[in-house]
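**Q** Below you'll find the structure I mean.
Read the figures in this text as sums done on the coordinates, not as results from a lab. Just so it is clear, the structure is predicted and the values come from calculations on it, not from any experiment. Positions of Cβ are generated from backbone atoms using ideal geometry, with glycine treated the same way; all protein chains shown enter the neighbour counts.
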Amino acid sequence: MANCSVCGSRFAEKKCYFCQNHVCTACVVPDDVSGSTTTVKCIACQRKGVKKLSFLAVVKRNKFVLAVLAGFWIFTVFPVPFINLAGYEGDVLISILQPVLIATGLMTIPFILMMIAWQKKAPKQN
Ligand SMILES: [Zn+2]
Ligand SMILES: [Zn+2]
């Protein structure tokens, strides 16, 4: 196990969500101060005033969720080859596409909000 990046203690059981450094429980900002029970924040980040991750860091950290989302999104935005395989064409295609596109647009909104929230707090599974 790595040493605590703040005090050098050997019992660095936690990992800071913001700087990715290992820290001991004594060097973690308490839940009531950080405002979240799922997000681990070290006192070094607290001192520096770090409040959120870069958007890129969030994307990297949630690769799996985003890959699933991207796959689903591609399917709904470009379903033409899939629908062609199923034997539909022309007018049928339009009438299928329209509601799908609207649904996709609506579905994307909560995910964008989630991404913004993830910049400040760790997702539950972390
Ligand atoms: Zn420590
Ligand atoms: Zn940190």
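**Q** For the chain, modelled as a Gaussian network with Cα springs under 10 Å, which listed residue fluctuates most, Q20, Q98, Q46?
**A** Q98
**Q** Name the long-range amide H neighbours of C7: under 5 Å, sequence gap of 5 or more, or other chain; modelled H, no Pro or chain starts.
**A** Excluding prolines and chain starts, which carry no amide H, the hits are C24.
**Q** Here's another thing I want to ask about it. At a Förster radius of 30 Å, what calculated FRET efficiency corresponds to the Cβ-Cβ distance of L56 and A2, to the nearest 0.05?
**A** So, using R0 = 30 Å, E works out to roughly 0.80.
**Q** Shape call for the chain from the C-alpha gyration tensor, a ≥ b ≥ c root eigenvalues: rounded (a/c under 1.5), prolate (a/b greater than b/c) or oblate?
**A** Since a/c reaches 1.5 and a/b is larger than b/c, the shape of the chain is classed as prolate.
**Q** Assuming 0.36 nm per residue, please report the length gained on full extension of the stretch T104 to D91 beyond their Cα-Cα distance.
**A** Result: 2.7 nm gained on full extension.
**Q** If you don't mind, there's one more thing I want to ask. For the range 1-47, which trypsin sites (Lys or Arg not before Pro) pass both filters: DSSP loop (anything but H, G, I, E, B) and at most 11 other C-beta atoms within 10 Å?
**A** Answer by residue number: R10.
**Q** In addition: Taking only Cα atoms, what is the 0 to 90° angle, nearest 10, from helix 63-77's long axis to the longest principal axis of the chain?
**A** 20
**Q** Compute the helix-to-body angle for 91-118: its Cα long axis versus the longest principal axis of the chain, expressed 0 to 90° and rounded to tens.
**A** That works out to roughly 10 degrees.
**Q** If you average the sequence gap of Cα pairs under 8 Å that are 6 or more apart and divide by the length of the chain, what percent do you get for the contact order?
**A** Computed over the chain, the figure is 22 percent.
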